[in-house]
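*Asks:* Got a structure for you, questions after.
The values are calculated or read from the model by the stated rules, or taken from the named source; none is laboratory data. Predicted, not measured: the structure shown is a model, and the values here were computed from it. Cβ: placed from backbone, ideal geometry, glycine included. Neighbour counts: every protein chain shown. The protein model used for the area step is the full one, side chains on, heavy atoms only, and it has no ligands, DNA or RNA in it. Shrake-Rupley method; radii C 1.70, N 1.55, O 1.52, S 1.80 Å.
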Amino acid sequence: LIVVYVVYKGAPAMTWEFFSQNPRRGGTEGGIWPALVGTVYLILISLCISAPIGVLAAVYLNEYAKENWFTRIVNLAVVNLAGVPSIVHGLFGLGAFVYGLQFGKSILAASLTLAIMTLPVIIASTKEALASVPMSFREACWNVGASRWQTIWRIVLPNSISGILTGVILQVSRAAGETA
């Protein structure tokens, strides 16, 4: 009922001008075009940074890293970073990117902050997706003479793509929600 009420009351304001114009009079009039464009830029840049790093980190942790105290600490850190509130990540990004690296108030600083914030989600979901591929698939590939990397590239990653995409979609949705 609430959604129906909001759509009913808000529908008359949803015009082409609302989506395509800049805000005027302190944001009380005009449109939301800069906010839409900024959100798209932030999502795309953070996705280009966090997706490759997250997938490669998960591949390393799941396929190459030996089970020892260091990898357990890294896995614990990844899980704990996923639960850190976004305001803490924002303050880190402000200190590290805006003031420390002197990027200023820029899309790059915000995108790097979002990438760091969403990286644990991608790593955790990709790691779980990789772990769900049966060991027998890997062993069969190794038995026909494939290297470890060939096995990962041709067998493990294609069989875990749905879990990897789930992590990436979660990253995109979290990044879009946190751009506000």
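*Asks:* Using Cα centres only, tell me the gap between segment 32-87 and segment 97-146 in whole Å.
*Replies:* One Cα centre to the other: 5 Å.
*Asks:* Which value, in debye to the nearest 20, describes the size of the charge dipole of the chain about its Cα centre when Lys and Arg Cβ atoms bear +1, Asp and Glu Cβ atoms bear -1, and nothing else is charged?
*Replies:* Value, rounded to 20: 100 debye.
*Asks:* Select from segment 98-180 those trypsin sites (Lys or Arg not before Pro) which occupy a DSSP coil region and have at most 10 other Cβ atoms within 10 Å, ordered by residue number.
*Replies:* K105
*Asks:* Looking at segment 1-47, which trypsin sites (Lys or Arg not before Pro) are DSSP coil and have at most 10 other C-beta atoms within 10 Å of their C-beta?
*Replies:* Loop-located and lightly packed - R25.
*Asks:* Then there's this: Under 5 Å between amide H atoms, partner at least 5 residues away or on a different chain: which partners does G30 have, H built in plane at 1.01 Å?
*Replies:* R24
*Asks:* Could you tell me the accessible area of S173 in Å² (1.4 Å probe, neighbours in place), rounded to the nearest ten?
*Replies:* 70
*Asks:* What FRET efficiency would be calculated for the residue pair W142, T71, taking the C-beta separation as r and a Förster radius of 25 Å, to the nearest 0.05?
*Replies:* The formula returns an efficiency of 0.70 here.
*Asks:* Another question about this same structure. State which helices in the chain qualify, where a helix is a whole DSSP H run, it must extend 27 Å or more along its own axis by its Cα atoms, and its mean Kyte-Doolittle hydropathy must be at least -1.0.
*Replies:* 33-59, 107-131
*Asks:* Mind jotting down a quarter of the surface of the convex hull over the alpha carbons of the chain, in square nanometres, one decimal?
*Replies:* 14.7
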